[in-house]
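A short write-up of the structure that comes next.
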Amino acid sequence: MGCCSGRCTLAFICGMQLVSVLERQVIDFLGYQWAPILTNFLHIIVVVLGLFGTVQFRPRYVTGYAVWLVVWMTWNVFIICFYLEVGDLSRDSDLVLTFNLSMHRSWWMENGPGCRVTPILPPPSWAPEDHRYISISGCLMDFQFIEVAHSSLQILLALVGFIYACYVVKLISEEEDSFDFIGGFDSYGYQGPQKTSHLQLQPMYMSK
């Protein structure tokens, strides 16, 4: 019963992670943030494998999923530090999240709750020709705090998922050991009932 409830809870957590990371993947695609897109894709694959291992009783898959969650939490802590500009990090840098392949911007910068985008015409002489020069005002929450909230949610889900993954692996191992103890993996071959002989041995007398 404990293993069943633990597996069901872990499967639910994996489902929540898939829904939340798919939403985040769409937002990162709209913002052309290639490093998060790649990391989100890896996370989706590992969560699917973890869900498969949970449903199919494969402890190795669940263990791999738990190990990845540590990496995933570390990545999201970095994202939080990046948007809050901890240390020498700057959220205006294009190298960290876009590999300098495009101009870094969060989709929430222009599409956050209450944000009003006003094009500035004519654009300044220093503005690139293929970029808009805009003014953003009226946002109820700055985009960096929305990104921090998304990463914080991912850390919370990953932490709960890691705890339940360790719990499920422990329960599966205990069940396998118990099954082995009662003879589920008995190495001795099966021996069928032996036929009894109906011949009776008669004593033999030898004459001198």
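If you check Y61, Y32 for being in a loop (DSSP other than H, G, I, E, B), in contact with a Leu (Cβ under 9 Å, 6 or more places away or on another chain) and open to solvent by 80 Å² or more (accessible area, probe 1.4 Å), only one passes: Y32. Among residues that are surrounded by fewer than 17 Cβ atoms within 10 Å (Cβ to Cβ) and under 15 Å from W72 (Cβ atoms), I44 is included. The residues listed here are S135, S106, S90; of these, the one that is in contact with a strand residue (DSSP E or B) (Cβ under 6 Å, 6 or more places away or on another chain), modelled with pLDDT of 70 or more, not in a helix (DSSP H, G or I) and not hydrophobic (A, V, I, L, M, F, W, C) is S135. With the checklist (1) farther than 15 Å from V62 by Cβ; (2) open to solvent by 80 Å² or more (accessible area, probe 1.4 Å) in hand, flag the one item F12 doesn't pass. Of the numbered conditions (1) farther than 15 Å from V62 by Cβ; (2) open to solvent by 80 Å² or more (accessible area, probe 1.4 Å), the odd one out for F12 is (1).
Residues of segment 32-73 that are in contact (Cβ under 8 Å) with a residue 40 or more places away in the chain and closer than 24 Å to S173 by Cα: G50, L51, T54, V55, F57, P59, V62, T63, Y65, A66, L69, V70.
The values are calculated or read from the model by the stated rules, or taken from the named source; none is laboratory data. Quick caveat, the model's predicted, so the values are computed rather than measured. Cβ atoms come from the backbone with ideal geometry, glycine included; neighbour counts cover every protein chain shown. Just so you know, the surface numbers come from the protein's heavy atoms only, side chains and all, with ligands and any DNA or RNA stripped out. Shrake-Rupley method; radii C 1.70, N 1.55, O 1.52, S 1.80 Å.
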